[in-house]
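Here the structure comes first, spelled out in structure tokens, and everything after it is commentary.
The values are calculated or read from the model by the stated rules, or taken from the named source; none is laboratory data. Computed from a predicted structure; not experimentally measured. Reconstructed Cβ throughout: ideal geometry from the backbone, glycine too, with neighbour counts over all protein chains shown.
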Amino acid sequence: MPEVQSRGFRAALGQFATGVTVVTTRASNGDRIGLTANSFNSASLDPPMVLWSLKNDSQNFNVFAAAGHFAVNVLAADQVEVSQRFSREVEDRFAGLECSEGIAGLPLIAGCAATFQCRNVHRYSGGDHAIFVGEVLDFEVSERVALVFHRGDYTITLPRPPDDAGHGEIAGGYVDDFLLPLLARAYRLFGLPFYEHLSERGIPRDEWRVLATLSDQSCTRDELGWVIRMPDDILDSTIASLRTHGMIADARPRGDGGAPRLVCTPTGSRRVIELLAVAKAREADVLADLPELEQQDFKRMLRSIISRLAGSQRPR
Ligand SMILES: Cc1cc2nc3c(=O)[nH]c(=O)nc-3n(C[C@H](O)[C@H](O)[C@H](O)COP(=O)(O)O)c2cc1C
């Protein structure tokens, strides 16, 4: 196949999102062998059989061809490093990796999303790869989120929104495909019950934002403005009101001189602790369906957007 066409073929194949596995076996000399493979798939339910393909020039081709068994370790979302080490030239791919022993000494990697232990039953030639078919003798499945490989890169899955989530929206249009309205709507819907709680207690939202920010660390007025991104006049009146209510106070500047710093008073800190419990309960509720790793990724993405847009230079 010409070079250009071959690149296109790879790109087309890359559109098929797969999981990532490490297929392992035990060589006749007792060595543990393994490589990263995303060609794994189910072949038959009854009897239970799976398949994967191995390139003919793999340094371990002969070991797998002769092996009576192999194990398929389906990697979890936090095992990218495992995938990388089993796809690279590394002195000992198993070094420091927590493993147990399965049937016929098969190396089973700890912390995987699923594991299949197989009897190596068929091998078919398929161009520059060989297709191995295994009869599943034993398997294990965990609650861990699986790692995904798509378009030549590692990724993770996000649960699909319910069918009626897009009701009344224009598919691919401003409302459901443009980041700003998505963020704005998510922000409003997410915040609504919490902001209702604040208003029932007579606490203005801006006061909560300033107070919660100061509960993490003392800030100068300019640092506060930089973090919160609130218009200057609203920020100043909010600071004044919180000061009057004894929620925040001035602290001595750091070192010699510098701008005065604002801190939470004990009264302010108590209020933050109470309200933070309500805010955290809301967050736990909203993110309940999202696995922990995806929650972290979602927050990482938002932090990355913010730091790219805001720059990293905080005022002093
Ligand atoms: C995500 C991913 C999937 C891969 N899938 C396969 C595969 O299905 N079959 C294969 O032979 N190589 C696959 N590879 C490449 C091998 O892992 C890599 O060439 C490795 O160095 C082979 O090791 P070996 O020569 O020791 O067998 C994959 C690599 C990555 C990163």
*For residues that are in contact with a strand residue (DSSP E or B) (Cβ under 8 Å, 6 or more places away or on another chain) and near the ligand (Cβ under 10 Å from one of its atoms), tally how many sit in the range 58-70.*
5
*Among the residues of the range 61-79, is there at least one that is farther than 20 Å from Tyr154 by Cα, assigned to a loop (DSSP other than H, G, I, E, B) and assigned by TED's automatic domain parsing to the domain that holds Ile33?*
yes
*Among the residues of the range 195-223, write down those that are of a type in the set (Lys, Arg) and over 16 Å from His245 (Cα atoms).*
Arg221
*Number of positions in the range 148-158 that are surrounded by 15 or more Cβ atoms within 10 Å (Cβ to Cβ) and at pLDDT 90 or above*: 3
*Could you list all residues from the range 100-114 that are hydrophobic (A, V, I, L, M, F, W, C) and surrounded by fewer than 17 Cβ atoms within 10 Å (Cβ to Cβ)?*
Ile103, Ala104, Ala110
*Being within 8 Å of the ligand (Cβ to nearest atom) and either farther than 17 Å from His69 by Cα or outside the structural domain of Ala130 (by TED's automatic domain parsing) (or both) is the filter; apply it to the range 37-57 and report the residue that is surrounded by the most Cβ atoms within 10 Å (Cβ to Cβ).*
Asn38
*Answer yes or no: is there a residue in the range 91-107 that is in the same structural domain as Val20 (by TED's automatic domain parsing), under 17 Å from Thr25 (Cβ atoms) and within 10 Å of the ligand (Cβ to nearest atom).*
yes
*Scan the range 15-36 residue by residue and report those that are out of contact with any His (no Cβ under 8 Å at 6 or more places or on another chain) and either within 10 Å of the ligand (Cβ to nearest atom) or assigned to a strand (DSSP E or B) (or both).*
Gly19, Val20, Thr21, Val22, Val23, Thr24, Arg32, Ile33, Gly34, Leu35, Thr36
*Just for the range 1-42: of the residues that are of a type in the set (A, V, I, L, M) and more than 29 Å from the chain's Cα centre (by Cα), which one is farthest from Asp78 (Cα to Cα)?*
Met1
*asked:* Could you go through the range 71-84 and let me know if any residue there is more than 11 Å from the ligand (Cβ to nearest atom), surrounded by fewer than 18 Cβ atoms within 10 Å (Cβ to Cβ) and either free of Cβ contacts under 8 Å to residues at least 12 places away in the same chain or within 21 Å of the chain's Cα centre (by Cα) (or both).
replied: yes
_Take the conditions of a type in the set (A, V, I, L, M) and surrounded by fewer than 17 Cβ atoms within 10 Å (Cβ to Cβ) and apply them to Ala240. Does it pass?_
yes
*With the condition kept exactly as written, say whether any residue in the range 299-309 is small (Gly, Ala, Ser), buried (at least 16 other Cβ atoms within 10 Å of the Cβ) and in the same structural domain as Arg188 (by TED's automatic domain parsing).*
no
_Looking at Asp138, Asp128, Asp176 in this structure, which one is surrounded by 13 or more Cβ atoms within 10 Å (Cβ to Cβ) and modelled with pLDDT of 90 or more?_
Asp138
